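Take a look at the structure set out below.
Values quoted throughout were computed directly from the atomic coordinates according to the rules given, and no laboratory measurement underlies them. On a predicted model such as this, the values are computed, not experimentally measured, just so you know. Glycine gets a Cβ as well: all are built from the backbone with ideal geometry, and neighbour counts include every protein chain shown.
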Amino acid sequence: METKKYFDLDYYKGQQTGIPLTLYPLKLEPHYKYKGDVMDYHINYGESKFGKLIYSKLHIEDDYYLLFNYAKQHGRYLEKFLFRDLSYRIRRQLLDNKNCFEEIIPAYSEFFHKDIDNIVYKHFVSDLIFSFVKVSIYHLLDFKIFDEILRFDEKYSEVRKCSICGNTFNLLKHPDWMYYGSNGNTTICFECPVPTALDKTVVNELIPVFVSKCGFIPESNFSLLNNTFTSKVPQHNWIEIARIVMQMGVSGYYNELIKQTYGSWFKALVEAKVLDQGILKTSRGVRCIAKSGNECNSLDEMFIDNWLFENGFDMIKEPRYPIHEKFNPKGLRRADWLVSGYYIEYFGLAGDEKYDQKTIEKIELLKELNLNYIALFKEDLKYLALKFEDIKK
């Protein structure tokens, strides 16, 4: 059978690697021997009016411990994980505190040389999160944290054997986006062989096992380098899941072979008899039947509904909000769920300007009516137990 590599890393193997310069504790030792253009750029973020403002407005005490734990767990690769976890918190801070938003905009405009009237919300939020991560690292990174980064490098500096194909590899040669995409996997070389053609009979048998091992139905863009997928995968099943993904011909970020063979991932799921009792494809998207019997508007929504059902929560699907003169004058707006007096909203399309505006309006409606609520974003799907810990079953 003809094969190719899951991902060809030859380019990266030829690159010199080391701890990113921005992960040196500049705040304590500003004249560190590696100080240069990168360092100057980093210092500029930390000491600028914009940097100091967002740090004072958005920083919380737990950020230090988050940074320390990520240094211990992910070493030189910590930054993307920090960005992921801080991003959904900052979005909430902006939604919950309009004054904070209004104070930051002028400093943002000055720092990035952008006209206030032409600032696009989604670009502003992305720039703000990126900047806050840089500023937080600058202000919080100390030698205790840096020592953890050094220990990580020491631990993974030696060549190891891939758990899938047996080839040897050096983890520290993996680029940061690959390490992050795999959610910090340290056991796979990612150059394992994958088929260039699929046998439907074989794949039809693999798909139900794949879904079972995942514990949820993956979206069509699943891959071993997609953090949205890998962060939800049970770690004890990681190797088995990775092996199946490769056997299904997925390579890099893409599932093109499945699409070529079946027409779509949805059709593959139907043909493998995974979805025929639970999923209905309509002109408006994917309608899903969750384990509770509730109809859901997306696979993510079904994932949440299944989690609530499996964990014994009583829920009402799509309850109407009370009437509000400004934000719900006709009483037509609905939440996704009502659970023990809490309105639950899943904002799965955060980042789209029009959708974000509707999100803000719903948050304002909940506040105006003084309703208990929980707002869920895509990043929260792996933290459902934490998000619902205060709700009684």
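Answer rounded, prolate or oblate for the chain, using the Cα gyration tensor with square roots of eigenvalues a ≥ b ≥ c: rounded when a/c is under 1.5, else prolate when a/b is larger than b/c, else oblate.
Oblate.
Just subtract the alpha-carbon distance of PHE143 and SER48 from 0.36 nm times their residue separation and send over the number in nm, one decimal. Please list the in-between numbers first.
Numbers: separation 95, 0.36 × 95 = 34.20 nm, distance 2.31 nm.
Fully extending the segment from PHE143 to SER48 adds 31.9 nm.
Once label points are set 7 Å from the Cα along Cα→Cβ at both GLU2 and TRP177, what is their separation, rounded to one decimal in nm?
2.8
Return the sequence-ordered ³J(HN,Hα) values of the stretch 134-139 in whole Hz as given by the Karplus equation 6.51 cos²θ - 1.76 cosθ + 1.60 applied to θ = phi - 60°, using x for Gly and Pro.
4, 5, 5, 4, 4, 7
Each residue of the stretch 365-379 in order: what ³J(HN,Hα) in whole Hz does its phi give by Karplus 6.51 cos²θ - 1.76 cosθ + 1.60, θ = phi - 60°, with x for Gly and Pro?
4, 4, 6, 4, 8, 6, 9, 6, 8, 10, 9, 10, 10, 4, 5
By count of other Cβ within 10 Å, fewest leading, how are GLU389, GLU345 ordered? Don't skip to the answer; put the middle values down first.
Details: GLU389 8, GLU345 18.
Fewest-to-most ranking of GLU389, GLU345: GLU389, GLU345.
With no other cysteine's Cβ closer than 4.7 Å, which Cys residues of the chain count as lacking a disulfide-compatible partner?
CYS100, CYS214
Amide H of HIS324 versus every other amide H placed in the peptide plane: which residues, excluding those fewer than 5 positions away on the same chain, fall under 5 Å?
GLY331
Would you please give the FRET efficiency between GLU310 and ASP390, computed as 1/(1 + (r/R0)^6) with r the Cβ-Cβ distance and R0 = 25 Å, to the nearest 0.05? Spell out each step's value before the answer.
On the way: r = 19 Å, r/R0 = 0.75.
Efficiency for this residue pair is about 0.85.
Please work out, to two decimal places, the log10 of the ratio I(q)/I(0) at q = 0.25 Å⁻¹ from a Debye calculation in which every Cα of the stretch 285-387 carries one identical scatterer.
-1.53
Can you run phi through the Karplus equation (6.51, -1.76, 1.60; θ = phi - 60°) for the stretch 176-192 and list ³J(HN,Hα) in whole Hz, with x for Gly and Pro?
4, 5, 6, 4, 5, x, 7, 6, x, 5, 10, 10, 10, 7, 6, 10, 4
Within 10 Å, count the other beta carbons around each residue, average over each peptide in 312-325, 370-383, and list them highest first.
Values: 312-325: 13.7, 370-383: 16.4.
So the order, starting with the most tightly packed, is 370-383, 312-325.
Sequence gap at least 6, Cα distance under 8 Å: using those rules, report the relative contact order of the chain to the nearest whole percent.
Details: 512 pairs, mean separation 57.2, N = 393.
Relative contact order here is 15 percent.
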